[in-house]
Amino acid sequence: MSTKVLEVEGLRKRFHGVEAVRGVDLTVCAGEAVALIGPNGAGKTTCFNMIGGQLRPDAGRVRIKGEDVTGMSPRLLWQRGVGRTFQITAAFASMTVRENVQLALHAKAKRLNHVFGRMTANFGDEADAVLDRVGMRAEAQRPCAFLAYGDLKRIELAIALAAAPKLLLMDEPTAGMAPGERVQLMALAASLAKREGIAVLFTEHDMDVVFAHADRIIVLDRGSILAEGQPDKIKADPAVRAVYLGAGLAPTASA
Amino acid sequence: MTVLTPDIILIQALNGLASASSLFLVASGLSIIFGVTRVVNFAHGSFYMLGAYLGWSLTRHLASFGAFGFWGSVLGAALIVGGIGILVEMLVLRRLRRAPELYPLLATFGVVLIVQDAALAIWGPEDLLGPRAPGLTGFVSIFASRFPVYELFLIAVGPLLLGGLWLLFRRTRFGLLVRAATQDREMVAALGVDERRLFSNVFFLGAALAGLGGALQLPREAVNLNMDVSVVVEAFVVVVVGGLGSLVGAYVAAVLIGIIQAFGILFLPKVTLVLVFLVMGIVLAVRPFGLFGRSAASEGLRTVAQESVLRPLSTSSRILFALCVLLIGAMPLFAGGYAMGIVAELLILAVFAASLHFLMGLGGMASFGHAAFFGIGAYGAALALTALQWPIAACLLAAPLGAGLAGIFAGWLCVRLSGVYLAMLSLAVAQIAWATSFQWVEVTGGDNGILGVWPPPPFASRSGFLLLTLVLTAAALASLRIAAFSPFGYALRAARDAPRRAEASGIHVRATQWAAFAIAAAFAGVAGGLYALAKGSVFPTYLAISKSVDALIMVLLGGIGSLTGPIIGAFAFGGLEAELMASAPFWRAILGVVILALVIVAPSGITGVLGRQIGKRQKSAASA
Amino acid sequence: MTQAPVLSVEALDVHYGRAKILHGISFEAKAGEIVALAGRNGAGKSTTLKAIMGLVPAWAGRIAFEGQDITGLDTYRIARMGVGFVPEDRRIFTDLTVAENLAVGARPAKDERKAWSVERLVAVFPNLGRSLHRSAGHLSGGEQQMLTIARTLMGNPRLILIDEPSEGLAPVIVEEMAQALLALKRDKLTMVVSEQNLNLLAAIADSAVLLERGLVRHVGPMSELMSDESLRVRYLALP
């Protein structure tokens, strides 16, 4: 049995008197990719931000490898092995691809407070190795500001991987990408997770991506868990179809 | 100690409310303009001053029309100032719409300089006394005291204006469009609204309100050439304390500031100046977005136009720099004392500008109060030399130490905020430092400053001092450059590029920015200490807003996208200023025109333009 | 005599700074037609729509709306002529109420078609009717997307440019969106839709324009794109 990396219990959050998340429990194990899906406004992002340390929950517990990390800042979570990518992709635009990863490696080595010595002199090979894993080695010298969106997503992933995370949180990782690229990116993330035993929790609206790469799916509706299970089970669940999946689009009748 | 009797309390409260109204007139216009156009309009104080001067001239011409003449003049002045606002918008700011917010700000400072000299040329340097308001010349009795009716009228103006603006924004289509454009002006245009006309109208409204505020001051105080900067700084305080974008907040803050000033004059006349800014600091420390403000996600103040990758110097650039250092080092062999003095001063300015660039360019924190640390360094060195009689090395160490300590304190306050709020809070901190230097006469000598701050031999001669300056400034500039490429420098840029990403990648964003603030302050202190020795004296003006703006101009003029930019900017600006001050009678206006021209023609700064030229040449060479 | 197309784009070039984004894009949209702009990220779909709307300058080429040249016109003039724009990141005015958002876009109709009113819009987008006086910032993502379309319709456009309408929306909401767009099509509205979701395009579009790195690679009926796997693999990296 694989080990539990993330355990969430009874998570709750209220905004202006409205309960956005009302008692969510979930676990993610090492090497497992879990998708969190649900209608807009179901509380996915709120849940995500509570797990990622951007929001403090009103109630409930978040544990990483058994340690209670509820309410910790993103930086403290990072120290405990939580990596994340953002819905609105952000790499460090004023640096090259390699410098982005080198900086993450310096953070890992606790060398960010060094005021002397050139940053680019260290961890160059290690950075290239990380870039290799996401297929961006060839772009190492390019400034991030001029990367295509899909490549930027890979850099974000590389920055997270540089810290050797135990848990990877990916908020809408494929938003804004072309369908083909979406599947590629998530396939990459899922295979890295499998190979390196990283636990992955992601939110996503593209069902092709979700059904192809999630080991388990959790459906959120109005702040609580509506259904949870293997992709096939979720696909067939009438309640999930009603609130979220819909009946499927029919091609146009016009001719 | 003044005895506090009920009538004194009441009268001072009423005085405070009357000042609050005129402050609100200026602040509301500033707030409306900022909301829609994102322009931090330094020239708003100039609009106010022009309103007062124009009102004065009009009342003299229309004196024979009695009450109609006076009120017509007030209204006429407001309308003319509104028209001037439209001109400024059309001729200057419209061209800068796509530039980062700091460039329009700099442009409006150019307008301030031009208006100052224009007012001097038209109305002369003497204070001008305006007429009293017909029909409102009387007094009412409050307990045993007499209180002017005109002040009561002013007290009413504030709430009336607030109500009128509320109706305008909530009940008219113009108001609806202004509120929509405040959020997303491009989208408003895509929905078929002529945003340029909307902008012009907003500028008219904002400028006219300031003009009205100025004209309404005529019966209260003499019109003078210093009205502009003092009122605009107070209006900034009001807008920020109230919360950007909130008119109710602006009124409440205006009342708060008005009352504090009224009672401050009574009880703590020595620290009134400090008091206002202290209140601002406290409010922002507790409520970072002001009393009625909301999260300032959209109030960013972009400092870097396009994320530009910093590159280490090429070999040819290194050689060029080495040659420059050698050339300056050899100046005692061929140059005169005056030239050496100027060059030493330019070197000092380069460190001052580079220290601000470290904060602003690399850290993304635009400070409007960087002169505070320059000034503290200057006072530190001067006091160590004159009062404490320390050896020169210790004095030169006291400058960055004092400034750095001040930077640690100021940074702790400032890095909790970002964008315009950070800029304003840094301005407030600097004003506190300025007011302290001004009012703490026992230590600082007040307005008279500290004189006789001359370095001992071998640095007493022009050439000796130049060499000392060259060594120290070259070391300072090199250190800042090394820091920029160090892990810390990268972490600082990461915090600027994507703060959330940085935090989630193990970078302590606030601590990094705080450290950068202190470092920048310490280097500004190095510059300040040397400047004190170069000038042989220290004055409160070293900490004044104009000095902070000088630093901003140098950084932006040189180009914020490169580390060489501030150095080139300092030499260009410092050289120009020295040249103009020495020769031209209206040097401020000329400087203003130069700033406008540069901002409009070369918004990427000198290095940006040079970079493009070199790029072009390389391209054409490659294709040839 | 054939009628002039509602929109015609000829040899459009666009640069951002030093980078050339669009290289001679040409396509047309006929009256009442939905044209799909498909392509990977960075292919130039968004830029094409922004250039038509005058939000980014066209460096070369010609854009005509109902036969009139609109190249280089100010955005607001293009909007007033009858072109609506629905941006990709929604960009509703969150500080305004839903009704106020609609009011900003309101502009009288210029043709014989029935003008849009709040009542008529509520019939097409029922969710908006329930929250007319709520702050638009409190709407869910799906409702916000509907509001951007509704707000544009208030200007009574004859052509609307829609950028990535399904981005970030739940599948059920995407279906609702498709129904709404089809309702607009029955109203003879011409649309150009940039979109990544092929299923949505297949459900609504008549013809497709395939972009790759700023070039038009293929123009043809939507059904052709759906039946030709090699096209999809080549330009969309899709089976």
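The values are calculated or read from the model by the stated rules, or taken from the named source; none is laboratory data. Here the structure is a predicted model, which means the values were calculated and not measured. Please note: Cβ atoms are built from the backbone with ideal geometry, for glycine as well, and neighbour counts cover all protein chains shown. Heavy atoms of the whole protein, side chains included, go into the accessibility calculation; ligands, DNA and RNA do not. Shrake-Rupley method; radii C 1.70, N 1.55, O 1.52, S 1.80 Å.
Anything over 21 Å Cα to Cα? Flag those among A:K13/A:K108; B:K270/B:K547; A:K153/A:K194, in the order listed.
Pairs exceeding the cut-off: A:K13/A:K108; B:K270/B:K547.
Using the heavy atoms of the protein chains alone and a 1.4 angstrom probe, what is the accessible area of region B:6-286 per residue in square angstrom?
Roughly 36 Å² per residue, with all protein chains present.
Given a 1.4 Å probe and every protein chain left where it sits, what share in percent of the accessible area of chain A is carbon and sulfur?
After summing per-atom areas, the C and S share lands at 51 percent.
Using the Cα gyration tensor of region A:133-208, with a ≥ b ≥ c the square roots of its eigenvalues, what is the shape: rounded (a/c below 1.5), prolate (a/b larger than b/c) or oblate (neither)?
Cα axes put region A:133-208 in the oblate bin.
For an R0 of 60 angstrom, estimate the FRET efficiency from the Cβ-Cβ distance between C:D228 and B:A475 and round to the nearest 0.05.
According to the calculation, E is roughly 0.30.
Roughly how many whole Å is it from the C-alpha centroid of region B:437-478 to that of region B:90-108?
With region B:437-478 and region B:90-108 each reduced to a Cα centre, they are spaced 36 Å.
Using a basic spin-label model with each label point 7 Å from the Cα along Cα→Cβ, how many nm lie between B:L136 and B:A63?
Label at B:L136, label at B:A63, 2.1 nm between them.
Taking the Cβ-Cβ separation of B:L87 and B:F334 as r and a Förster radius of 60 Å, what is the calculated FRET efficiency to the nearest 0.05?
Rounded to the nearest 0.05, the efficiency is 0.80.
Among B:13-26, C:75-88, C:117-130, C:48-61, how do they line up from the highest to the lowest mean number of other beta-carbon atoms within 10 Å?
The peptides rank, most packed first, as B:13-26, C:75-88, C:48-61, C:117-130.
For region B:317-544, what's the relative contact order in percent, using C-alpha pairs closer than 8 Å and at least 6 residues apart?
41 percent
Could you tally the net charge around C:G220, taking each other residue with its Cβ under 11 Å from the Cβ of C:G220, Lys/Arg +1 and Asp/Glu -1?
-2
Taking both sides together, what accessible area is buried at the A/B interface, probe 1.4 Å, expressed in Å² and rounded to the nearest 100?
2800 Å²
Ranked from highest to lowest mean number of other Cβ atoms within 10 Å per residue, what is the order of the peptides B:563-569, B:76-82?
Output ranking for B:563-569, B:76-82: B:563-569, B:76-82.
If the reach is capped at under 16 angstrom between alpha carbons, list the aspartates and glutamates near A:K233, excluding any in the same chain fewer than eight residues apart.
Excluding near neighbours in sequence, the set is A:D208, A:D215.
To check you understand DSSP bridge types, tell me what percent of the beta bridges within the protein assembly as shown (both residues inside) are antiparallel, rounded to 5.
In the protein assembly as shown, approximately 60 percent of DSSP beta bridges are antiparallel ones.
Alpha carbon centre of region C:20-86 versus region B:176-231: separation in Å?
Centre-to-centre (Cα) distance: 34 Å.
In region B:149-193, which residues give up 20 Å² or more of accessible area once the other protein chains are added, compared with their chain alone (1.4 Å probe)?
Hits at the 20 Å² cut-off: B:R173, B:L176, B:R179, B:A180, B:Q183, B:D184, B:E186, B:M187, B:A189, B:A190, B:L191, B:G192.
Divide by every residue of chain B the summed helix terms, -39500 (n - 2.57) for each DSSP H run of at least 4, and state the resulting mean residue ellipticity at 222 nm, rounded to the nearest 500 deg cm²/dmol.
Taking each H run of at least 4 residues, the total per residue is -24500 deg cm²/dmol.
Might you report the magnitude of the Cβ-based charge dipole of chain A about its Cα centre, with Lys and Arg at +1 and Asp and Glu at -1, to the nearest 20 debye?
The dipole magnitude comes to about 620 debye.
Apply the a/c threshold of 1.5 to the C-alpha gyration tensor of chain C and tell me whether it is rounded, prolate or oblate.
Prolate shape, in that a/c is at least 1.5 and a/b is the bigger ratio.
Name the residues of region B:493-518, by number, that are at least 20 Å² less accessible with every protein chain in place than in the isolated chain; the surface is that of heavy atoms, probe 1.4 Å, without ligands or nucleic acids.
For region B:493-518, once contacts with the other chains are taken into account, B:R493, B:A494, B:D497, B:A498, B:R500, B:R501, B:E503, B:A504, B:S505, B:G506, B:I507, B:H508 lose 20 Å² or more.
Counting only heavy atoms of protein chains, what accessible area per residue, in Å², does region C:7-236 have with a probe of 1.4 Å?
Per residue, region C:7-236 has 37 Å² of solvent-accessible surface.
Give me the number: length gained by fully extending B:R94 to B:A222, i.e. 0.36 nm times residue separation minus the C-alpha to C-alpha distance, one decimal in nm.
42.7 nm
Using mean Cβ contacts within 10 Å as the protection proxy, how do B:244-257, B:580-593 order, highest first?
With the highest mean Cβ count within 10 Å placed first, the list reads B:244-257, B:580-593.
Using a loss threshold of 40 Å², tell me which positions in region A:3-46 are less accessible in the complex than in their chain alone. Probe radius 1.4 Å, ligands and nucleic acids ignored.
Buried-area filter returns A:N40.
Give me D for chain B in µm² s⁻¹, whole number, from Stokes-Einstein with Rh from the Kirkwood sum over alpha-carbon pairs, 10 °C and 1.306 mPa s.
My calculation gives 62 µm²/s for D.
If you wrap a convex hull around the alpha carbons of region B:87-237, what volume per residue comes out, as a whole number of Å³?
Once divided by residue count, the hull of region B:87-237 is 160 Å³.
Once each part is reduced to its C-alpha centroid, what is the distance from region A:142-157 to region B:254-283 in angstrom?
Rounded to whole Å, the Cα centres lie 51 Å apart.
Rounded to the nearest 500, what is chain A's calculated 222 nm mean residue ellipticity when only DSSP H runs of at least 4 contribute -39500 (n - 2.57) each, over all residues?
Per the formula, -9500 deg cm²/dmol.
How well do other chains shield peptide A:86-99, expressed as the mean number of their Cβ atoms within 10 Å of each residue Cβ?
Averaged over the peptide's residues, the number is 5.
Heavy atoms only, probe 1.4 Å: what % of the accessible area of chain B goes to carbon and sulfur, would you let me know?
69 percent
Can you compute the label reach from C:Q68? Point 7 Å from Cα along the Cβ direction, backbone N cut-off under 18 Å, restricted to region C:141-163.
Zone members listed by number: C:155-161.
Under a point-charge model restricted to the Cβ atoms of Lys and Arg (+1) and Asp and Glu (-1), what is the dipole moment magnitude of the protein assembly as shown relative to its Cα centre, in debye to the nearest 20?
The dipole of the protein assembly as shown has a size of about 500 debye.
So, R0 is 41 Å and r is the distance between the beta-carbons of B:L120 and B:E186; what FRET efficiency does that work out to, to 0.05?
Taking R0 as 41 Å, the efficiency between B:L120 and B:E186 is 0.55.
Rounded to the nearest 100 Å², what is the sum over both chains of accessible area buried where C meets A, with a probe of 1.4 Å?
1900 Å²
Could you provide, to the nearest whole Å², the per residue accessible area of region B:317-544 with probe 1.4 Å?
Averaged over the residues of region B:317-544, the accessible area is 35 Å².
Rounded to the nearest 5, what is the percent of antiparallel bridges among the DSSP beta bridges in region C:7-236?
55 percent
Starting from the Cα-Cα distance between A:N113 and A:R195, subtract it from 0.36 nm times their residue separation and give me the gain in nm to one decimal.
Gain on extension, A:N113 to A:R195, equals 26.2 nm.
Could you tell me what percent of the accessible area of chain C is made up of carbon and sulfur, with a 1.4 Å probe and every protein chain present?
Accessible surface attributable to carbon and sulfur in chain C totals 51 percent.
So what is the relative contact order of region B:6-286, in percent, for Cα pairs below 8 Å that sit 6 or more residues apart?
Value for region B:6-286: 41 percent.
Can you tell me the orientation of helix C:141-153 relative to chain C, as the angle in degrees between its alpha-carbon axis and the longest Cα principal axis, to the nearest 10?
Tilt of helix C:141-153: around 80 degrees.
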